[in-house]
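Just below is one structure, and these are the notes that go with it.
Nothing in this text is a laboratory measurement; each read-out follows from the coordinates by a stated rule. Source: prediction; values computed, not measured.
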Amino acid sequence: MSLDSYSHGVYQTFYHLVWATKYRYKCMRQAKYRLAVRRALEAAASRHSIRFVELSVMEDHVHALVSVHPSMSQVKALALLKGASAHSILHEFPNFRLRYPKGHFWSRGKCGRSVGDVDKDTIVDYVRRQADQSQLVDF
C-alpha cells in the first residue's frame, strides 16, 4: 500500500475497526438492510475524509479497514462512522425505532487496532540497522 502525502509529511494510517448492533440483534439479515448500512457508512466516511480499504457488513456487526488522516484517532473514526450511520439508518427505516427507541443502533462496544503493511519485527530490524549504519552523536 502506498503512503499518503500531506502538506508536511507522508503517512500511512490504517485501522481495523469492528463494532456490533445494540444487543447484537441480527438487524441486517436482509440484503436491503446490509446495503443501506453500507451506503450510510460510505456517506459518513466520505464526509469525514475516511477511506474504506475494505468493508464487510454482517448480520449483527461490521468489519472495516479504514485509512484516515494521521491526526484522527481510532475512537474519533469510530464515533463518526457509528453516529452518522445510525442517524441515517434510523431515518431511512423508522421501524428500527421500535427496537431502538432511544436511537442507539450500535452497541457501545468496539474493537480497534492499528494496521500497517509492515510488521513490527521488520520495523525493529530497520531501526536497528539505521543505528548501525550511522555515527551516533551523544548529547
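Across the stretch 30-36, rounded Karplus estimates of 3J(HN,Hα) from the backbone phi angles (6.51 cos²θ - 1.76 cosθ + 1.60, θ = phi - 60°) give 7, 4, 5, 6, 4, 5, 5 Hz, Gly and Pro being marked x.
Note on the chain: GNM, Cα springs under 10 Å; of Q12, Q74, Q30, the largest mean-square fluctuation is that of Q30. Quick check: the angle from helix 74-92's long axis to the longest principal axis of the chain, C-alpha only, nearest 10 degrees? Between the helix axis and the principal axis of the chain, the angle is about 20 degrees. Comparing Cα centroids, the stretch 52-68 and the stretch 78-116 end up 13 angstrom apart. How big is the Rg/Rh ratio for the stretch 4-133, C-alpha atoms only, Rh by Kirkwood, two decimals? Looking at the stretch 4-133, the ratio lands at 1.09. Residues whose amide H falls under 5 Å from that of H61, counting only those 5 or more places apart or on a different chain, are T21, with hydrogens built in the peptide plane.
Computed from phi, the 3J(HN,Hα) profile of the stretch 108-117 under the Karplus parametrisation 6.51, -1.76, 1.60 (θ = phi - 60°) reads 6, x, 6, 9, x, 8, 7, 9, x, 8 Hz, with x in place of Gly and Pro. Considering helices alone, the calculated mean residue ellipticity of the chain at 222 nm is -12500 deg cm²/dmol, with DSSP H runs of length four and up weighted by -39500 (n - 2.57) and normalised per residue.
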